[in-house]
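Undergrad: This is the structure I have questions about; it appears just below.
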Ligand code: DAH
């Protein structure tokens, strides 16, 4: 992540908060990790985090496996590094990295994005050692730390804590802030599951963890309308973000002219047990970041045969130039061909 890039600005602001504001008050320092390999096995990505075998995140429709046997994969979240770092005896850290997930295609989703994980385990003597009391104190401390972070990034905003479920924290929460007239989810967090602390030889110590998406935060903070812009080398984008000091307000992104949109519809009969992500994947693979959005515009079931049909609208738009129909026709042709040959879809 290069200096002056909006993702790097947010990353640095979070690191500054934990090491200069929160850290000074707590006499703690968070170690920084940002070059750990995104290639890992399922043990590290899921098992060690107590993620059950039937969790949807393990499915190849969600996750990029690199091996046929589905044991090696691209990091689906930065939580995957919690265990290894804790096992090294490092108990306060921030870990940032690129993460990979198959998803829908729209302005807020891209198959690669960046997450940051924060972990803080208390020294043994910091808590009374009574389970319920300890959990309460851990959660209270975590909420203070993360509300401080939200204020550091967003100014004086209102908060809302929602109960959530993550397999690796108990209890788990999601923090929402009220920003520019709407409630927005900014991170997931919780008290680290005691089994993880046992497995990393830290029990009976206790701690908290959180995870957040950097693109999501940057889109909110800078009012960036499309996630593909983070991959742009266009100076009209990059030159807008000078590294501000924590006390100056962050610049708001000024959109430059939007280029022409070009839409193409595609309809097909589905084979049994089909997942939309497989179709989105083909579109991404062929069109890369020229595709802005894919929406389902129609679906129906043929009663006599039981077959299901779907029609998707694929919207193509470049972030930095006008696309011509001549350029898009062969792309759409390729999408259609691969839908037939790879996915077994019957085009209508
Ligand atoms: N790994 C979660 C995700 O990708 C985010 C997360 C939630 C991380 C709770 C945490 C946590 O450390 O405690 O959605």
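The values are calculated or read from the model by the stated rules, or taken from the named source; none is laboratory data. Quick caveat: nothing in here was measured; it's all calculated off a predicted structure. For neighbour counting, all protein chains shown are included, and Cβ atoms are generated from backbone atoms with ideal geometry for every residue, glycine included.
Undergrad: When residue 137 is evaluated against the numbered criteria (1) away from the ligand (no atom under 14 Å from the Cβ); (2) over 20 Å from residue 123 (Cβ atoms), which criterion, by number, is the only one it fails?
TA: Only one criterion in (1) away from the ligand (no atom under 14 Å from the Cβ); (2) over 20 Å from residue 123 (Cβ atoms) is unmet by residue 137, namely (2).
Undergrad: Now, a different point. Confirm whether residue 315 is within 24 Å of residue 229 (Cβ to Cβ) and modelled with pLDDT of 95 or more. Walk me through how you get there before you give the answer.
TA: On the way: within 24 Å of residue 229 (Cβ to Cβ): yes; modelled with pLDDT of 95 or more: yes.
Yes.
Undergrad: Also, quick follow-up: Please give the number of the condition residue 129 fails out of (1) more than 29 Å from residue 52 (Cβ to Cβ); (2) without any contact (Cβ under 8 Å) to a residue 60 or more places away in the chain; (3) not in a helix (DSSP H, G or I).
TA: (2)
Undergrad: Oh, and also: Which number in (1) surrounded by fewer than 16 Cβ atoms within 10 Å (Cβ to Cβ); (2) over 30 Å from residue 315 (Cβ atoms); (3) in contact with a helix residue (DSSP H, G or I) (Cβ under 6 Å, 6 or more places away or on another chain) marks the one condition that residue 151 misses?
TA: Against the list (1) surrounded by fewer than 16 Cβ atoms within 10 Å (Cβ to Cβ); (2) over 30 Å from residue 315 (Cβ atoms); (3) in contact with a helix residue (DSSP H, G or I) (Cβ under 6 Å, 6 or more places away or on another chain), residue 151 comes up short only on (3).
Undergrad: Under the condition of being more than 22 Å from residue 149 (Cα to Cα), in contact (Cβ under 8 Å) with a residue 24 or more places away in the chain and not in a helix (DSSP H, G or I), which residue from the stretch 71-98 is nearest to the chain's Cα centre (by Cα)? Walk me through how you get there before you give the answer.
TA: Pass one, the stretch 71-98, residues more than 22 Å from residue 149 (Cα to Cα): 71-76, 80, 83-89.
Still in the running and in contact (Cβ under 8 Å) with a residue 24 or more places away in the chain: 71-76, 80, 83-87.
Subsequent filtering for residues that are not in a helix (DSSP H, G or I) retains 71-76.
On the way: 71: 21, 72: 20, 73: 16, 74: 13, 75: 11, 76: 8 Å.
In this case the residue turns out to be 76.
Undergrad: I would also like to ask the following. Taking residue 219, is it surrounded by 17 or more Cβ atoms within 10 Å (Cβ to Cβ), assigned to a helix (DSSP H, G or I) and out of contact with any helix residue (DSSP H, G or I) (no Cβ under 9 Å at 6 or more places or on another chain)?
TA: Details: surrounded by 17 or more Cβ atoms within 10 Å (Cβ to Cβ): yes; assigned to a helix (DSSP H, G or I): yes; out of contact with any helix residue (DSSP H, G or I) (no Cβ under 9 Å at 6 or more places or on another chain): no.
So residue 219 fails the test.
Undergrad: If you don't mind, another one. Mind telling me which of the residues 90, 85 ends up being closer than 30 Å to residue 16 by Cβ and within 14 Å of the ligand (Cβ to nearest atom)? Steps first, please.
TA: On the way: 90 fails: within 14 Å of the ligand (Cβ to nearest atom).
Selected residue: 85, the only one of 90, 85 that is closer than 30 Å to residue 16 by Cβ and within 14 Å of the ligand (Cβ to nearest atom).
Undergrad: Looking only at residues that are surrounded by 19 or more Cβ atoms within 10 Å (Cβ to Cβ) and away from the ligand (no atom under 11 Å from the Cβ) in the stretch 183-204, which one is nearest to residue 150 (Cα to Cα)?
TA: 186
Undergrad: Same structure again: Please tell me if residue 293 is in a strand (DSSP E or B) and closer than 20 Å to residue 230 by Cα. Break it down into steps so the answer makes sense when it comes.
TA: Values: in a strand (DSSP E or B): yes; closer than 20 Å to residue 230 by Cα: yes.
Judged against the criteria, residue 293 is a match.
Undergrad: Can you say whether residue 146 is within 15 Å of the ligand (Cβ to nearest atom), surrounded by 17 or more Cβ atoms within 10 Å (Cβ to Cβ) and not in a strand (DSSP E or B), as far as the supplied structure shows? Talk me through it step by step, then tell me what you get.
TA: Details: within 15 Å of the ligand (Cβ to nearest atom): yes; surrounded by 17 or more Cβ atoms within 10 Å (Cβ to Cβ): yes; not in a strand (DSSP E or B): yes.
It is true that residue 146 is within 15 Å of the ligand (Cβ to nearest atom), surrounded by 17 or more Cβ atoms within 10 Å (Cβ to Cβ) and not in a strand (DSSP E or B).
Undergrad: In addition: Considering (1) more than 19 Å from residue 7 (Cα to Cα); (2) in contact with a helix residue (DSSP H, G or I) (Cβ under 9 Å, 6 or more places away or on another chain); (3) crowded, with 18+ Cβ neighbours inside 10 Å, say which one residue 180 fails and leave the rest.
TA: That leaves (3) as the condition not met.
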